[in-house]
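Laboratory data are not the source of any read-out in this text; all were calculated from the coordinates shown. Keep in mind the model is a prediction, meaning the values are calculated, not measured. Every residue, glycine among them, receives a Cβ derived from its backbone with ideal geometry; neighbour counts consider all protein chains shown.
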């Protein structure tokens, strides 16, 4: 923004959550992909709309007044690799992993299987928070006079997926039964609701699953 004491324009770094909107078409300007956003009760709809609106306002500030802007669009941000047990309890990924442990059931696969019901190669697009923070810090230190956009995503075809996370939970000692996806989907809501009262205690006392460092 503008520094009133020196009348110089300061570069602005903005942490956005619009990855799912923009990286589909690799579009730097979100207005190039969507001009209108629905306001509804969809999951994280308000959060996504606020991030989209922030990008729109900063783009306008750049176009009208030459404000230097660097936008960082992050996808799923996972827990720090060096601090086991420290995580965001309300995070969607954390809730999913916790529900698998508390209910003791998981789908045979979270993804579409082949004609013989065999798991297929898949990938979970997530990055640990320490990696994302380092990338944002290093790039943010670079001076720029334009409008830059960086998509902090993990597109690598490494075959590490939600199914792999279930494998790791089982290997770490958690008793999880794999069942048909439709059956899991039907049962998990009821069983998760029954286990919800014990969730805070279970989360505090359950052994931490030590996942290998992402490649």
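As a footprinting exposure proxy, order 164, 137 by other Cβ within 10 Å, with the fewest listed first.
Sorted ascending by nearby Cβ count, the order is 137, 164.
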Two pseudo-spin positions, 7 Å from Cα along C-beta at residue 49 and at residue 81, lie apart in nanometres by 3.8
Nitroxide proxy distance, nm - points 7 Å out along Cα→Cβ at residue 171 and residue 65:
5.3
Ranked by Cβ crowding within 10 angstrom, fewest neighbours first, how are 80, 156 ordered?
156, 80
Where labels lie 7 Å past Cα in the beta-carbon direction, separation of residue 96 and residue 13 in nm
2.8
Dividing the alpha-carbon radius of gyration of segment 78-152 by 2.2 N^0.38 Å (N being the number of residues), what value is obtained?
1.58
At q = 0.10 Å⁻¹, work out log10 I(q)/I(0) for segment 38-165 with the Debye formula, treating every Cα as an identical point scatterer and leaving solvent out; two decimals please.
-0.48
Please rank 82, 55, 60, fewest neighbouring Cβ atoms within 10 Å first, as an exposure proxy.
82, 60, 55
